[in-house]
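The structure under discussion appears below in the form of structure tokens.
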Amino acid sequence: MLALQSLILALSDAYSMVIFVYIMMSWFPIGTGIVGDVYRFLGKLCDPYLDVFRRFIPPIGGMIDVSPIVALLVLQLATRFVVGLL
């Protein structure tokens, strides 16, 4: 049981880090090449989850997207809840 809890926590933390890197990369101009490929790959991993929150949380002032913060918070809370149930 402890191994399953550790696995769930590790996967959640890894996905949180992927989301964080993707959001940080979105602040800078991304061209072509390897950096652009990495950014597009991370987008394919993160956008389906982030789009759920973007539907309900509009950008503040039309420019500042706070949905990734809420998405990360929900991911961490849900992970801790599931691990607590095990």
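Rolling a 1.4 angstrom probe over the protein heavy atoms with all chains in place gives the stretch 1-44 an accessible area of 72 Å² per residue. Estimated from helical segments only, the mean residue ellipticity of the chain at 222 nm is -27000 deg cm²/dmol, where each DSSP H run of four or more residues counts as -39500 (n - 2.57).
With every protein chain in place and a 1.4 angstrom probe, the accessible-area ranking of Ser12, Ser6, largest first, reads Ser6, Ser12.
Multiply the residue separation of Leu75 and Met63 by 0.36 nm, subtract the distance between their alpha-carbon atoms, and state the gained length in nm to one decimal. If you can, show how the numbers build up before the last one.
On the way: separation 12, 0.36 × 12 = 4.32 nm, distance 2.35 nm.
Extending this stretch completely gives an extra 2.0 nm.
Full extension of the segment from Phe41 to Met24, taken as 0.36 nm per residue of separation minus the current Cα-Cα distance, would add 4.7 nm. Scaling against 2.2 N^0.38 Å puts the C-alpha radius of gyration of the chain at 1.24.
Remark: the chain carries a charge dipole of roughly 100 debye about the Cα centre, counting +1 on each Lys and Arg Cβ and -1 on each Asp and Glu Cβ.
The values are calculated or read from the model by the stated rules, or taken from the named source; none is laboratory data. Since the structure is predicted, the reported quantities are computational estimates derived from the model, not experimental observations. Note: ideal-geometry Cβ built from the backbone for every residue, glycine included; neighbour counts use all protein chains shown. Just so you know, the surface numbers come from the protein's heavy atoms only, side chains and all, with ligands and any DNA or RNA stripped out. Shrake-Rupley method; radii C 1.70, N 1.55, O 1.52, S 1.80 Å.
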